[in-house]
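Read the structure below first, then the notes.
A short reminder: the numbers here are calculations on the coordinates, not readings from a lab. Values in this document were obtained by computation on a predicted structure and should not be read as measured data. Note: ideal-geometry Cβ built from the backbone for every residue, glycine included; neighbour counts use all protein chains shown.
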Amino acid sequence: MIGRLHHTVIDCPGPGDLAEFYAELTGLPITYRSDDWVVISRDQTSSGIAFQRAPDHRPPRWPDPAHPQQFHLDVMVDDLDVADVEVRRLGARRLPAGDHVYADPAGHPFCLIPRPAWAPPVHAG
């Protein structure tokens, strides 16, 4: 092993706003904040997702190969229909191609996936 994964870093025009979107989507709190760098993670000593200011950010246009997706996250949910309503309330928009594929407020694609049988429920009770 050469190293251990720390943060997945997402370039965006507004790191605070995008971190708040993903914090509410995933239930991970914001554990670090500066003007140009915001982190969500389980706690202050856990790896997570970081959002980095990129003033010249150009969002992908999934599935257009001329504007590739750059990355995407799969978010497991208990109920796709309920999650669809909630992510739209947060500011996501459904993309025309694909099943349960959305764009976050900065234009990055992400997918909602049904929770696999082996995974514990996302919302207990």
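Taking 0.36 nm per intervening residue step and subtracting the Cα-Cα distance, what contour gain separates Thr26 from Asp56 on full extension? The partial results should precede the final answer.
Values: separation 30, 0.36 × 30 = 10.80 nm, distance 2.66 nm.
Here the answer is 8.1 nm.
On the Cα set of the range 5-125, report Rg and Dmax in Å, please.
For the range 5-125, the Cα-based Rg and Dmax read 14.4, 44 Å.
Taking the range 8-68 on its own, what percent of its Cα-Cα pair distances exceed 17 Å?
Values: 744 of 1830 pairs.
For the range 8-68, the fraction of Cα-Cα distances above 17 Å is 41 percent.
Name the residue farthest towards the positive end of the dipole of the chain from the options Ile40, Ala54, Gly98, assuming +1 on Cβ of Lys and Arg, -1 on Cβ of Asp and Glu, about the Cα centre.
The one lying farthest along the dipole's positive direction is Ala54.
How long is the gain from Thr8 to Phe71 if the chain were fully straight, where each residue apart is worth 0.36 nm and the alpha carbon distance is subtracted? Before the final figure, lay out the partial values.
Numbers: separation 63, 0.36 × 63 = 22.68 nm, distance 0.97 nm.
Full extension of this stretch gives 21.7 nm more.
Under 10 Å, Cα contacts only: if you run a Gaussian network model on the chain, which one of Ala19, Ala92, Ala66 comes out with the highest mean-square fluctuation?
Maximum fluctuation in the GNM of the chain, among the listed residues, is at Ala66.
Which of the peptides 116-124, 47-55, 74-82, 25-33 is most tightly packed, and how do the rest follow, going by the mean number of other Cβ atoms within 10 Å of each residue? Provide the component values of the computation, followed by the final result.
On the way: 116-124: 7.9, 47-55: 17.2, 74-82: 13.2, 25-33: 15.7.
Result, highest mean first: 47-55, 25-33, 74-82, 116-124.
Counting only C-alpha contacts under 8 Å and six or more residues apart, can you give the relative contact order of the chain as a whole percent?
Numbers: 221 pairs, mean separation 27.5, N = 125.
Relative contact order comes out at 22 percent.
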